[in-house]
Amino acid sequence: AQDFIKNLTDEDQVSVISFGNSSNKESILASNKEVSISAVRGLSLGTTSQNTNITAGLQSSIEELNSDKARPDSKKVIVLVTDGIPTEPVDKNIPDNPAISAQKMADEIKRLGVEIFTIGLGKDVSDGFLKSISTDDEHYYKAPTRDKLSSVYREISNGLCPKKPNVITVIYRPL
């Protein structure tokens, strides 16, 4: 994630939002890449038994992209890194609520014209689910190891158009 942020131009904006049981804005949307790089350095990235609230991560991302901090003329992009197995928010009356809720949020975001890239981190990711919440199948990447994650970030970075995108990096964080 740090290299991805470093490769952004000075005009690009980036924010880092982490999620586990809930979401947390680690850095606000801004052109100051050092703040976001520092936020990434302070995160623990991993797949553990912690909860995964993809809905909250996406909600915080779209709120930041729609805030007054975002340049209105910029392409809006979310890069979501997760094991792809949502476990929150729980609703005892709806057994699949974590996935249903994340899907609804992703659909709303895509309707607004925001591109969603998903990266499945780990070996036991839910490929089908992550493809369903990304913009399309080509916006889904699998990174079975952290080493592969760097090359995935490079590929996404190279594929983004030079319109100076606003980028939100959503990173799963264990609590």
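Computed values, structure above
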read-out	value
Scope the stretch 131-159; condition part of a loop (DSSP other than H, G, I, E, B) and within 19 Å of residue 76 (Cα to Cα); matching residues	134, 135, 136
Exclusive hit being touching a Phe, Trp or Tyr at 6+ places or on another chain (Cβ under 8 Å) and either open to solvent by less than 10 Å² (accessible area, probe 1.4 Å) or without any contact (Cβ under 8 Å) to a residue 60 or more places away in the chain (or both), set 20, 42	20
Residues of the stretch 84-105 classified as out of contact with any strand residue (DSSP E or B) (no Cβ under 8 Å at 6 or more places or on another chain) and in a loop (DSSP other than H, G, I, E, B), total	10
Selection within the stretch 111-159 - touching a residue at least 60 places away in the same chain (Cβ under 8 Å), of a type outside the set (A, V, I, L, M) and open to solvent by less than 20 Å² (accessible area, probe 1.4 Å)	122, 153
Qualifying residue in the stretch 19-26 (condition: at pLDDT 90 or above, assigned to a strand (DSSP E or B), hydrophobic (A, V, I, L, M, F, W, C) and within 15 Å of the chain's Cα centre (by Cα))	yes
The stretch 89-107 residues that are without any contact (Cβ under 8 Å) to a residue 60 or more places away in the chain, paired with ones that are aromatic (Phe, Trp, Tyr) (beta carbon under 7 Å, 6 or more apart)	99/129
Only listed residue being open to solvent by 10 Å² or more (accessible area, probe 1.4 Å), within 19 Å of residue 156 (Cα to Cα) and of a type in the set (D, E, K, R), chosen from 92, 75	75
Options 34, 64, 108: the member that is in a helix (DSSP H, G or I), open to solvent by 30 Å² or more (accessible area, probe 1.4 Å) and closer than 24 Å to residue 136 by Cβ	108
Filter pass, residue 100 being within 21 Å of residue 142 (Cβ to Cβ) and surrounded by fewer than 20 Cβ atoms within 10 Å (Cβ to Cβ)	no
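The values are calculated or read from the model by the stated rules, or taken from the named source; none is laboratory data. These numbers were taken from a predicted model, which means no experiment stands behind them. Using ideal geometry, Cβ is built from the backbone for each residue, glycine included, and neighbour counts are taken over all protein chains shown. The accessibility values were calculated without ligands, DNA or RNA, using every heavy atom of the protein model including side chains. Shrake-Rupley method; radii C 1.70, N 1.55, O 1.52, S 1.80 Å.
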